[in-house]
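Notes follow once the structure below has been shown.
The values are calculated or read from the model by the stated rules, or taken from the named source; none is laboratory data. All of these numbers come straight from a predicted model, not from anything done at the bench. As a convention, Cβ positions derive from the backbone with ideal geometry for all residues, glycine included, and neighbour counts pool all protein chains shown.
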Amino acid sequence: MEGDPWKKKRRRSKQKRHRSHSPGGRKGQANISGEYAKRHSRKDVAPTSSFASIQPSSAPITVEVKKEPPPVWLGYLLGLAGVTLLILLGGGHNVYALALSLLLPGVALLAHPPQQSPGLWLDRAAIAFLAFLLLAFVPSFYWPEAEWRSAARDIFQIELPASLSVQPWGSFEAWVSALAGFAWFYAASSWKINHQGRRSFYLVLSLVLGLLSLVVLWGNMSGAKYPSAEDSTVFSFFPNRNQTANFLAVGGVVAFGYAMCALRSRRLTPILGVIVSGLCFLALVWGISRAGVLLFFTGIVLGYVLQLACGRIPRGIKLGFPLFLLAFSVFIVSNSRTTERIVDFAASAEGWSEEFRVLMAKDTWAMIKSAPLAGHGLGSFPAVFPQYRELSANHQRAVHPESDVLWLTAETGLLGSALFLGFLVAYLIRCRGLSHGPSGGYRIVAMAALFVFLLHSFVDVSGHRPGTVYFAILIAALALPHDKAQLRAYRPLFWRACGAFLVLVGLMWGLGGVTGLPLHSSIAVERKESRIEESIELGDYTNGLDHVDKWIGQRPLDWRAYFQRATLTLSESGARARAAADFRRARFVEPNIGVVALEEGYAWLDYDPERTIAAWRELFSREFENRDSVFRRILNTAERNQKLLDGLARLSDLYPEFRVYFLNFQSGDFLMQELARDLKNDPRLSLYTREQRTSILKNWIRRGDREAAKEFLQENASGLNQSWWLWSLLHKEQAKFESAVQYIRGALNPPELPEVKVKGVPLERLKREFSVVPGDVMKGTALLHVYIAEGNFQKVREVAQTMISAQREVPLYVLYWHAESYFHLEDYIETWYAYERYLKKLWDEDE
């Protein structure tokens with residue numbers, strides 16, 4: 001047994017425990033150094049058979065608490081402040097917003113040049129795309145020439161620039177804006193941010209969104225308009241409400257996603273995200289943006305699905321999200337005012353119908369097919385598109401194709417769009433692993449919001465508005481992973497050079513906006529127009545022509561410039577041939593809008609009426625909002641010009657409604673001459689509708705040969721509306737008022753006189769009360785009952801006349817009995833005119 005190894009091992013273990021408790025052992029030394037702990041050590045308590053509880057130890061217990069690092073997000077906070085300011089400046093294409101859109105990335109690159117690249121392929125795609133945009137300045141003979149371009153040069157002698165772009169200055173400004181957009185992306189992607197910083201940023205962003213949503217709600221409820229968007233149909237920070245809807249939809253998705261992420265922290269901040277998301281939704285509804293509401297819910301559902309797929313949603317949200325949607329729906333349905341607003345919103349028509357967008361897309365595709373590889377040059381769409389506009393032609397100038405995708409493809413071609421698509425693909429590859437790390441939920445939210453923005457770019461142009469695109473870029477930077485494995489960026493000198501260039505150009509544009517110096521193309525054109533107006537006022541037409549030539553040199557496809565030069569030429573020398581050539585150029589560069597030919601006709605009035613008629617004849621082959629009102633306006637202009645009237649007589653043959661307006665505008669011998677011409681070809685005037693024939697005959701009776709009108713009325717009474725009224729009108733014009741009144745009384749049924757409960761009230765009291773308040777309909781109606789029953793039509797006339805004088809909206813029965821009182825008093829002239837007033841109101845109400 002002595003040699004048993006297990007026995008030796010137990011002996012050594014016992015000796016080791018004995019040494020550890022001895023004064024020289026480790027535990028003994030610990031007991032010596034800490035007598036307090038030794039006295040209360042449970043191991044040193046002697047065993048006992050007692051059931052008494054062991055005395056608890058009072059030794060201090062230390063729990064290590066891990067502190068969160070401070071939030072890092074200053075760059076994003078400043079970026080959000082800049083984007084908010086950009087939106088408040090209108091966020092569109094006014095010179096101040098454009099200047100700020102250059103200053104923001106310029107200052108960011110100067111202050112903090114990127115130290116790391118977001119990705120090699122991102123860099124390559126961005127550089128390739130920006131370089132490809134410079135093809136707008138390459139000579140045009142490298143590309144197949146479009147038919148309109150050769151026609152402009154060879155037929156109309158329009159001097160176009162040698163470059164692919166027809167307005168190089170505008171193309172350069174567009175390229176600088178594109179450079180600024182990419183610079184903003186690289187600056188934002190280089191800003192440092194940690195998990196705590198993301199949480200703080202989303203909180204502040206939600207607060208900003210909530211405030212702006214409240215402003216939009218207030219503006220729409222009060223009917224106010226934002227200073228830079230007075231022409232918008234609703235309250236909007238942008239000139240076009242769709243851009244405000246885009247901002248609210250993207251922001252609402254971010255706020256709701258923040259609420260879902262913050263629920264994991266068990267704080268009260270998720271409530272803020274839900275409230276802000278609801279405010280964004282209400283602002284979209286009050287702004288009547290169906291596309292915005294659709295994008296809003298698409299982004300929320302997408303964010304929820306992505307979070308669910310990545311397993312980042314707590315069990316409470318999985319159950320709570322459907323319940324939240326149900327509760328939200330119940331709230332909307334139970335609130336009558338909100339329900340009414342949503343019904344109006346759902347039934348409302350957008351500014352342009354979906355059919356119009358399809359037609360715009362077809363015309364834009366025709367433009368793309370004419371230059372499929374390199375496009376027509378950056379920034380040239382508004383100038384070139386009129387040459388391809390057919391299906392979507394209307395009275396308004398088109399500045400974009402209602403789609404960012406089509407706009408980009410039309411200006412940069414399929415190759416340019418492919419390069420930008422490559423940049424997006426490289427970005428999505430860089431964003432792989434969205435759910436990794438503690439910030440995965442916030443990155444998923446950013447990606448869902450960015451998807452909403454990109455989806456909207458297919459049906460609108462938010463990608464071409466600095467306010468919305470800079471906000472989207474800020475969100476896109478938040479979806480990128482901020483790890484330490486990124487590539488090293490270009491040297492700081494390169495970024496600072498880009499920043500300095502953007503700051504310099506931005507300051508120049510801003511200075512131009514403040515001082516009026518021609519440092520931006522829009523300011524330069526406005527300046528030239530004002531100088532031309534000053535020259536016209538001073539009679540210095542030569543100086544005005546010099547300014548117009550500079551205008552044409554800058555924008556050779558602007559019809560207003562050629563029109564202005566033509567009018568100045570007529571005023572200076574009366575050179576009709578030169579003026580006519582410029583008018584033809586104006587009609588060529590803008591072949592759709594009717595106002596071009598309309599204004600040309602007015603310009604020729606004092607020089608050549610025949611050219612005026614020729615211009616107006618072309619006018620009605622163009623697009624107008626209301627061509628009938630335009631023709632009436634032309635008729636008023638030609639009232640005292642017989643040569644012009646002769647020309648308009650033939651012009652009125654274009655449409656029956658024009659002919660009706662023209663005939664009703666004439667009188668005397670000229671009217672009968674034109675009627676004889678029509679009756680010779682069509683004795684019954686069957687080419688016109690019943691309403692049109694009736695209208696012609698009314699004017700014929702009033703201003704023409706009444707005997708001839710009587711003969712036509714006898715033969716064609718069945719083809720006219722209310723022939724009894726025409727007979728009455730004819731007898732009235734022949735001063736036969738009694739018979740004229742009999743025609744009316746024989747055709748009308750008296751309106752019902754309403755009963756009034758005033759039984760027991762003395763007549764004298766009614767008369768006193770009515771004299772005090774002559775507009776009292778109830779007292780006046782009661783008096784009419786009394787006097788009609790008595791047959792006292794003198795009093796009926798007085799009461800009716802008092803009610804008519806005291807009220808704006810007079811009941812029909814008052815007007816009727818006013819006319820009847822005159823009839824019973826045998827004043828047939830006043831009877832007829834009183835009946836005319838009654839019939840006018842009766843027919844207006846029927847319409």
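Points worth noting:
- Residue that is at negative phi, without any contact (Cβ under 8 Å) to a residue 12 or more places away in the chain and part of a loop (DSSP other than H, G, I, E, B), where the choices are 145, 159: 145
- Comparison of 200, 289 shows that the only residue that is polar (S, T, N, Q) and touching a residue at least 60 places away in the same chain (Cβ under 8 Å) is 200.
- Among the criteria (1) within 18 Å of residue 185 (Cα to Cα); (2) modelled with pLDDT of 95 or more, the one residue 456 does not fulfil is (1).
- Comparison of 497, 449 shows that the only residue that is at pLDDT 95 or above, part of a helix (DSSP H, G or I) and under 18 Å from residue 254 (Cα atoms) is 449.
- Candidates 547, 482 - the one that is crowded, with 17+ Cβ neighbours inside 10 Å and assigned to a loop (DSSP other than H, G, I, E, B): 482
- Selection status of residue 389, part of a loop (DSSP other than H, G, I, E, B), of a type in the set (Lys, Arg) and at pLDDT 95 or above: yes
- The condition (being within 30 Å of residue 780 (Cβ to Cβ) and not assigned by TED's automatic domain parsing to the domain that holds residue 819) is satisfied by just one residue among 670, 658, 737, 665: 737.
- Sole exception among (1) in the same structural domain as residue 200 (by TED's automatic domain parsing); (2) over 30 Å from residue 557 (Cα atoms); (3) of a type outside the set (Asp, Glu) for residue 153, by number: (2)
- Residue under evaluation residue 607, criteria (1) in a helix (DSSP H, G or I); (2) over 30 Å from residue 99 (Cα atoms), criterion not met: (1)
- In region 709-776, counting only helices (runs of 4 or more DSSP H) that sit wholly within it, the ones holding 3 or more residues that are touching a Lys or Arg at 6+ places or on another chain (Cβ under 7 Å) and of a type outside the set (Lys, Arg) span 723-733, 763-772.
- Qualifying positions in region 207-240 - surrounded by 24 or more Cβ atoms within 10 Å (Cβ to Cβ) and outside any loop (DSSP other than H, G, I, E, B): 209, 213, 216
- Some residue of region 610-630 being over 30 Å from residue 565 (Cα atoms), surrounded by fewer than 18 Cβ atoms within 10 Å (Cβ to Cβ) and small (Gly, Ala, Ser): no
- If you go through region 522-535 and pick out every residue that is over 28 Å from the mean Cα position of the chain (by Cα) and buried (at least 16 other Cβ atoms within 10 Å of the Cβ), you end up with 4.
- Verdict on residue 594 being buried (at least 16 other Cβ atoms within 10 Å of the Cβ), in contact with a strand residue (DSSP E or B) (Cβ under 8 Å, 6 or more places away or on another chain) and either at pLDDT below 95 or farther than 24 Å from residue 550 by Cβ (or both): yes
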